[in-house]
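One structure is given below, encoded as structure tokens.
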Amino acid sequence: MVRSEEVAAEIASFPTWDYEFDLAGHRTPIAPEVSRRQRERERYIFDPIRRILGESLKGKRVLDLGCNAGYWSLRALALGCDFVLGIDGRQMHVDQANFVFEVKGIDPSRYEFAVEDVFAADLTAAGPFDLVLCLGLLYQVSDPTILIEKISQVNTELLVIDTNLSLMPGRFLALRREQAGSPLTAPREQQVLCPTRQAVISLAESSGYSVATLTPSFRSYEASYDYEEGRRRAFICARDPRALDLIADQTEAVTAPRVALTAARAAFQSGLRRLTRSTRPGT
Ligand SMILES: C[S@@+](CC[C@H](N)C(=O)[O-])C[C@H]1O[C@@H](n2cnc3c(N)ncnc32)[C@H](O)[C@@H]1O
């Protein structure tokens, strides 16, 4: 049990936080618009999960890749999952996650956080997992094809991918140099491949999933322009195609002309915004 004054000191000991947590009455320091973004993402991503898997995740094992401070792992546990394994390449994030879960008084037998590169982690030894969360990660890795295939080997029911997208029309992986300066990026500088929407669908389908793209309906797009402009989407990848019928009203079909239109509009809007402001969170 961590004492209240120790909680405040421990929160302050971390150089940055990416999520708002209430820890024994002490809030982690986050800009209000970033906190709103995470709440909107939570609704966007977890509503469909609940509609498919049921209001309770009781009996489920969850894998949270690129778990950061455990925000999404905590949501999965709050929905009643039996166990969550969170993996992140940064020690600081795993320390934050362990601290958050300790202060929240979560039974240690229900979770584990590990500092590992997702490509090096032995997921088979830890699996299988009913639900895998691959949120804010796919566009930061050197090979999304290997990652999705690796996930598929241990995932029995549902994979949720939330990712930045390249807006090129067609199935492409756009090469980009990832800088490792921010705690939200890949832990080391490297070449990464950012997928187009069609590439995500195609990769997941070839690993045995049926895939649907979720339509964002955020109450506010402040700090979430990437979702508004189609530069970011979440994908529900289901082992059983019938699962997608349950969320048909929350998914979008995208035609080639619409992709081109989205790309043109996004370029115009972000150019406009660059003229006025510059902040844009990256989770
Ligand atoms: C943009 S943040 C996303 C955090 C969270 N999943 C979310 O969507 O809100 C990416 C996280 O993945 C971690 N990460 C990036 N590349 C990784 C890798 N190859 N192996 C393990 N963790 C990685 C980063 O340290 C960071 O915490």
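Throughout, read-outs are computed from the coordinates displayed, never taken from laboratory work. Just so it is clear, the model here is predicted, and its values are computed rather than measured. Counting neighbours? That spans all protein chains shown, and the Cβs are built from the backbone with ideal geometry, glycine included.
So which trypsin sites (Lys or Arg not before Pro) in segment 204-256 are both in a DSSP loop and have at most 11 other Cβ atoms within 10 Å of their Cβ?
Arg219
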Relative contact order (percent) for segment 9-85, with alpha-carbon contacts under 8 angstrom and 6 or more residues of separation? 24 percent
Going through the DSSP H helices of the chain, which span 27 Å or more along their own axis at the Cα atoms while scoring at least -1.0 as a mean Kyte-Doolittle hydropathy? 256-276
Cα to Cα, under 18 Å, and not fewer than 8 places away if on the same chain: which aspartates and glutamates meet these conditions relative to Lys60? Asp47, Asp82, Asp107, Glu112, Asp130, Glu157, Asp240
Calculated P(r) tail over 27 Å for segment 18-150, as whole % of Cα pairs: 15 percent
Relative pair counts by distance (%), Cα atoms of the chain, 10 Å bins: 6, 28, 38, 22, 5, 0
Segment 26-100: Rg/Rh from Cα coordinates, Kirkwood Rh? 0.98
The chain: most fluctuating residue of Asp143, Asp162, Asp64 per GNM, C-alpha cutoff 10 Å: Asp143
